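Read through the structure below, which is laid out as structure tokens, and then see the notes.
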Amino acid sequence: MKASLFPGTLFSRNLWLIVALIVVGQVINALAYGQFIAKPRLRQSAEATARSLQAVAEGVSLLPEAQRAGFVARFNARASSGPDDRRRERTTLLERGFLAELAAELGLPAEQLAWRREPNGLLAVRLPELQFWLVVPSVQPAHRFARTWIIASAVSGALALLGAWLIQRRINRPLARLVEATRALGQGRRRVVLPTDGPAETAELARAFNDMAETLARDEEERLLMLAGLSHDLRTPLAKIRLASELLRDAGQGDTELLDTLDRSLHGLDGLLTQFLDYARASHPAEQAQPAVDIELHAFLAETLALALAPGLPQPVLADGPAVHLRVRREALRRLVLNLVGNAQHHGAPPIEMGCGEAGGQAWLEVRDRGPGIPPERVEALKRPFQRGDAARGGAPGSGLGLAIVERIARAEGAKLELLPREGGGLVARVSWGS
């Protein structure tokens, strides 16, 4: 992918735009200064100097030859009465412009005007009709004015840039808060409230975001209430059907194989209802309000393992590991672990192992199986709800919510879910906390 020539953030783009405008403005000012101030001044100075040199040349021609050298020396001494600049060796841009204008005023091509640098740093020229070098007035005042103007322009540009940076920073601060709140909302935290102070535009944006977050939280609550009601209403007839099945079995009536199929279907329906509730509960505001507690992860996994010992399914084994301490919502983490184990039991293959540890500042837990695994290109898709990994995980029946529940809970707990290939075949479902 090609790197963009433009900055990626709004802050840097606006800052560079302001810098470009300031630079363009200063360049326009420099061109205007050169055209309307520097050039007319040089022309006037060259015109006055040319008249003075011509007058000196005429005066010298009228003097006796013995007096000419003295007259020229007195003229040069008077012209050299300004400040010295003995360090100067090369001609400046102003001096080159002055010499060109002076040659034009004297009616000479610029290359035919003889000039030299005097020991005191001033310029001296020699006219064709004279054998003497005549010192011309210094153009340093104009040069110093230009330098002062450049310094003033640089200072004003720096102040304008500083002001633009401060303004843009004030604009960027509420945007940064909005980005942070949006990320929190995307991680499942619904009760996110932005401050509504500041300018009217940012305050209106914050109020609109707060209204949206409140609407999403209300929708989550209504959805959970609906699912809880459905669960209650459906579990009552399911319990009656299960009771009728048990009575038929105890009475020795009915087809045993058919009753076994019915029991498995009832168990599957109950599991689906549980998963729907778990998915809705994972990001529900009331669930997120539950306080976090300190747990020892290995002991917690051992306790949770007893709940995953369902008959007829591969039984997970907890591997030995160090004591790892975490601060989490206990019941949320329990649902996360049970869904990971259920995913391995229904879609993987034994042996199923659980483990935990800590490395590089990260606490982690893993559920490992020897099933067909998941292709890397399908990993992110299977973290979304109602996505089935039939081609990769054996086509076992399911709601497609197990990994989505784990992903939601992990994000709400500040953790990350990774689905990694296991060495020797299988899948490693890893949840990690920390940087």
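The values are calculated or read from the model by the stated rules, or taken from the named source; none is laboratory data. In this text, all values refer to a predicted model and were calculated from it rather than measured experimentally. Neighbour counts are summed over all protein chains in view; Cβ atoms, including those assigned to glycine, are modelled from backbone coordinates with ideal geometry. Note: accessible area is taken over every heavy atom of the protein model, side chains too, but ligands, DNA and RNA are not part of it. Shrake-Rupley method; radii C 1.70, N 1.55, O 1.52, S 1.80 Å.
In segment 41-84, which residues are touching a residue at least 40 places away in the same chain (Cβ under 8 Å) and either in a loop (DSSP other than H, G, I, E, B) or more than 24 Å from ALA104 (Cα to Cα) (or both)?
Hits for segment 41-84 are ARG68, ALA69, SER80, GLY82, PRO83.
Since ARG177 meets every condition but one in (1) surrounded by 12 or more Cβ atoms within 10 Å (Cβ to Cβ); (2) part of a loop (DSSP other than H, G, I, E, B); (3) at pLDDT 80 or above, which condition does it not meet?
For ARG177, the exception is condition (2).
In segment 362-377, what residues are assigned to a strand (DSSP E or B) and not aromatic (Phe, Trp, Tyr)? It would help to see each step written out before you state the result.
Let us first name the residues in segment 362-377 that are assigned to a strand (DSSP E or B), namely 362-369.
Passing the criteria: GLN362, ALA363, LEU365, GLU366, VAL367, ARG368, ASP369.
Okay, residues lined up against (1) open to solvent by 100 Å² or more (accessible area, probe 1.4 Å); (2) closer than 30 Å to ALA176 by Cα:
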{"residue": "THR215", "(1), (2)": "no, yes"}
{"residue": "GLU220", "(1), (2)": "no, yes"}
{"residue": "THR236", "(1), (2)": "no, no"}
{"residue": "ARG242", "(1), (2)": "no, no"}
{"residue": "GLU257", "(1), (2)": "yes, no"}
{"residue": "ASP263", "(1), (2)": "no, no"}
{"residue": "LEU266", "(1), (2)": "no, no"}
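If GLY355 passes every condition in (1) modelled with pLDDT of 85 or more; (2) open to solvent by 40 Å² or more (accessible area, probe 1.4 Å); (3) in contact with a Lys or Arg (Cβ under 8 Å, 6 or more places away or on another chain) but one, which one does it miss?
(2)
Does ILE22 satisfy the criteria of being open to solvent by 50 Å² or more (accessible area, probe 1.4 Å) and modelled with pLDDT under 80?
Criteria not met by ILE22.
Could you tell me whether LEU99 is open to solvent by less than 70 Å² (accessible area, probe 1.4 Å), at pLDDT 80 or above, in contact with a strand residue (DSSP E or B) (Cβ under 9 Å, 6 or more places away or on another chain) and within 13 Å of LEU42 (Cα to Cα)? Outline the logic, then answer.
Numbers: open to solvent by less than 70 Å² (accessible area, probe 1.4 Å): yes; at pLDDT 80 or above: yes; in contact with a strand residue (DSSP E or B) (Cβ under 9 Å, 6 or more places away or on another chain): yes; within 13 Å of LEU42 (Cα to Cα): yes.
Yes.
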